[in-house]
Amino acid sequence: MNLKLQKINKHFKQFVLRDINLEIQEGEYFVILGPSGAGKTLILELIAGLIKPDTGEISGVDRQKIGFIYQDYMLFPHLSAAENIAYGLKVKKMPKEDIKTLVAGLAVRYGIEHLLDRDVVNLSGGEKQRVAIARAMAVSPRFLLLDEPTAALDRNLRIKTRSMFLDLHKKTAATFIHVTHDFEEALTLADRLAILINGRVVQCGKPDDVFNNPGNKEIADFLGYRNVFGGVVKKGLIDLMGVSVAVPLDDAEFAYIAILSDDIIISKRRLQSSARNSFRGTVKDVINSSSLVEVVLDIGIDLSVDITRKSKEELNIKPGDPMWATFKVSSIKVFKH
Amino acid sequence: MKFKIIFSFLGFLLVIFIALPIFKMLVAADPGTLVETAKDSEVYSAIFLTLRASLWATIAALLFGVPLAYILARNDFKGKKIIEGIIDLPVIIPHTAAGIALLTVLGRNSWFSKMSGIEIIGTEIAISLGMFFVSVPFLVNAAKEGFKLIDERYEKTAITLGATPWKAFLTVSLPMVKKSVISGSIMMWGRGISEFGVVVILAYHPVTAPVLIFERFQNFGLKYALPVTALLILISLAIFVIVRIFEDKKR
């Protein structure tokens, strides 16, 4: 049975959810992606029945079959790791011997046998996370709700954790609902995702579709699009502060465009190509990051272009150099708002 | 460096101001007289009555005050500030005034007394109620601050693991706030033991230690009041030190 949220409205402290409609398929890895303060945690708490919606309906969830892992994990500090894991079983009045066996099994599965007698306060972030997962999985949930479960970890561990979640999802076949602000994480994990901004679901779909076709400028901004500009479109040309760029749109009083930085080619001389957009500009800045080099080229507007380190060496790009930027009309994305 | 010296000096003056009179009093009472005083049945029954009555008050406050503290820590509602003000009120009003106020509710001609036919003025119950009235803010406020420090998501996590709200409170919130509650209880118990104003109005008899001290001072002078005072302080001190040590050992 699919989990359905219909016309949910909720006002809770400083957070607001407005007209949330979502259908999450059974067994799906569903990601809710949004900036902090968007109300993501609130959706999870509504699904878990921890709070009630002001209006609207939630169906298709068995509240007895929920695992919930908060950011910071919320391990009970007055209990040992083993007692934390056993908590849900103890509440269900399972016989002590059975609890012991189950906890031992979970400890092996999540690689935390050596932590069982430890005070949870002194565990590392990664260890806490594994104890929290074991505690949630102890009650065999059919829905696992994850609230920014990797936010408290450093980058390397965060990336490792992603594959652990995928593995866990495969093994349990439970429905995963995972909240994050990290779009890389969403892209890696999600079967489908919803983008939540200011308490509204602004887009929902398969990760590739959403990332390739953001519905509006706000979503594009959130997804980390660069080279987003707005202007008047006349006869297939958009006017960006005097720079005329050919776009896949005839006329509009106002529209936003995004030129994907991967689709821009920069060169010392003008390229002989079918691309209609070719501009001469000056290199304004060259910014190194771990894998790529970002070149900011001033063509009347600032274009941000990613190139490899190797091409940076070959082209020997320095600030002040004249360069050409070339991109196809078809590579431009247009948003009406 | 200068900063530290000046701060230490100011603090030192304060500690001396409190410690000196107590020290002087303890040395003024010679050990022989103290033993004699402790054997005086009026004295020891007054001291035990004081400790006991304040203990009842503290137990009652745990039962009523901890739930209230939890509500105040977890919820925002209209009139919350008023309730918090009412809770703090006993700390700031003169305790004789508190005694008078309690008389209007519990006294011989009160509605309560007429309806129930129970006479509580002049009993241990009246003493406990008076102590409760003036010292309960210490427990409620300590527990409230304790609950405030605990992330609500611990309780929510317990609920998602199948606990009822009752179970979550008893197995998660309460153990986590234990230290604040115990600390508040000790403060409240101690405050109850020291209470004079409200007790003397609600029940002159049976006499509690503070009333006995006052009585002996009034009737026989400083020399007779001194041993009782010293004894009460020594016993209180011993109890509080033991309770604190016990509490530290447990964690």
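Could you grab me the full set of residues in the range A:41-60 that are touching a residue at least 60 places away in the same chain (Cβ under 8 Å) and either touching a His at 6+ places or on another chain (Cβ under 8 Å) or within 12 Å of chain B (Cβ to nearest Cβ) (or both)?
Correct list: A:T41, A:L44, A:I47, A:A48.
Rundown of residues vs (1) touching a strand residue (DSSP E or B) at 6+ places or on another chain (Cβ under 6 Å); (2) surrounded by fewer than 19 Cβ atoms within 10 Å (Cβ to Cβ), yes/no style:
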residue	(1), (2)
A:T188	no, yes
A:V210	yes, no
A:F222	no, no
A:G230	yes, yes
A:M241	no, yes
A:S244	yes, yes
A:S261	yes, yes
A:I264	yes, no
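Which residues, taken from the range A:242-253, are in contact (Cβ under 8 Å) with a residue 60 or more places away in the chain and part of a strand (DSSP E or B)?
Of everything in the range A:242-253, those that are in contact (Cβ under 8 Å) with a residue 60 or more places away in the chain and part of a strand (DSSP E or B) turn out to be A:V245, A:A246, A:A252.
What's the number of the condition B:A163 fails, among (1) within 14 Å of chain A (Cβ to nearest Cβ); (2) over 23 Å from A:N84 (Cβ atoms)?
With (1) within 14 Å of chain A (Cβ to nearest Cβ); (2) over 23 Å from A:N84 (Cβ atoms) applied to B:A163, the lone miss is (2).
Going residue by residue through the range A:122-131, is there one that turns out to be touching a Lys or Arg at 6+ places or on another chain (Cβ under 7 Å) and surrounded by fewer than 21 Cβ atoms within 10 Å (Cβ to Cβ)?
no
Would you call A:G281 touching a Pro at 6+ places or on another chain (Cβ under 8 Å) and surrounded by 12 or more Cβ atoms within 10 Å (Cβ to Cβ)?
Spelling it out, A:G281 is indeed touching a Pro at 6+ places or on another chain (Cβ under 8 Å) and surrounded by 12 or more Cβ atoms within 10 Å (Cβ to Cβ).
Of the residues that make up the range A:70-89, is at least one under 30 Å from A:Q6 (Cα atoms), within 13 Å of another protein chain (Cβ to nearest Cβ) and aliphatic (A, V, I, L, M)?
Yes, the range A:70-89 contains a residue that is under 30 Å from A:Q6 (Cα atoms), within 13 Å of another protein chain (Cβ to nearest Cβ) and aliphatic (A, V, I, L, M).
So which helices (runs of 4 or more DSSP H) are wholly in the range B:116-206 and hold at least 1 residues that are more than 26 Å from A:F76 (Cα to Cα)?
B:124-149, B:174-193, B:197-202
Please specify each residue of the range B:30-66 satisfying the condition of being free of Cβ contacts under 8 Å to residues at least 24 places away in the same chain and in contact with a Gly (Cβ under 7 Å, 6 or more places away or on another chain).
none
Return the pairs, sorted by first residue and then second, in which the second residue is part of a helix (DSSP H, G or I) and basic (K, R), the first residue lies in the range A:87-114 and is without any contact (Cβ under 8 Å) to a residue 40 or more places away in the chain and within 17 Å of A:K128 (Cα to Cα), the beta carbons are less than 6 Å apart, and the residues are 6+ apart or on different chains.
Partner pairs satisfying both residue conditions: A:Y110/A:R130; A:I112/A:R130.
Restricting to the range A:300-326, and then to whatever is free of Cβ contacts under 8 Å to residues at least 60 places away in the same chain and among the hydrophobic types (A, V, I, L, M, F, W, C), can you tell me which residue is nearest to A:T282 (Cα to Cα)?
Result: A:M323.
Taking A:V243 as meeting all but one of (1) touching a Lys or Arg at 6+ places or on another chain (Cβ under 9 Å); (2) modelled with pLDDT under 90, write down the number of the exception.
(1)
Filter the range A:46-89 down to the residues that are surrounded by fewer than 19 Cβ atoms within 10 Å (Cβ to Cβ) and under 22 Å from the mean Cα position of the chain (by Cα) and list them by number.
Scanning the range A:46-89 gives A:Q71, A:D72.
Just give me the residues in the range A:120-145 being under 11 Å from A:L75 (Cα atoms) and at the interface with another protein chain (Cβ under 10 Å from one of its Cβ atoms), in sequence order.
Matches in the range A:120-145: A:A132, A:R135, A:A136.
Criterion first (over 17 Å from A:D147 (Cβ atoms), within 12 Å of chain B (Cβ to nearest Cβ), in contact with a helix residue (DSSP H, G or I) (Cβ under 8 Å, 6 or more places away or on another chain) and among the basic types (K, R)) does A:K65 satisfy it?
So A:K65 does not fit the description; no.
For the range A:27-34, check the following and say yes or no: at least one residue is without any contact (Cβ under 8 Å) to a residue 24 or more places away in the chain and part of a strand (DSSP E or B).
Taking every residue of the range A:27-34 in turn, none turns out to be without any contact (Cβ under 8 Å) to a residue 24 or more places away in the chain and part of a strand (DSSP E or B).
Might you check whether a residue that is surrounded by 17 or more Cβ atoms within 10 Å (Cβ to Cβ), out of contact with any Pro (no Cβ under 6 Å at 6 or more places or on another chain), under 30 Å from A:P141 (Cβ atoms) and within 14 Å of another protein chain (Cβ to nearest Cβ) occurs anywhere in the range B:128-150?
There is at least one residue in the range B:128-150 that is surrounded by 17 or more Cβ atoms within 10 Å (Cβ to Cβ), out of contact with any Pro (no Cβ under 6 Å at 6 or more places or on another chain), under 30 Å from A:P141 (Cβ atoms) and within 14 Å of another protein chain (Cβ to nearest Cβ).
The values are calculated or read from the model by the stated rules, or taken from the named source; none is laboratory data. Because the structure is a prediction, the values reported are computed rather than measured. Cβ atoms come from the backbone with ideal geometry, glycine included; neighbour counts cover every protein chain shown.
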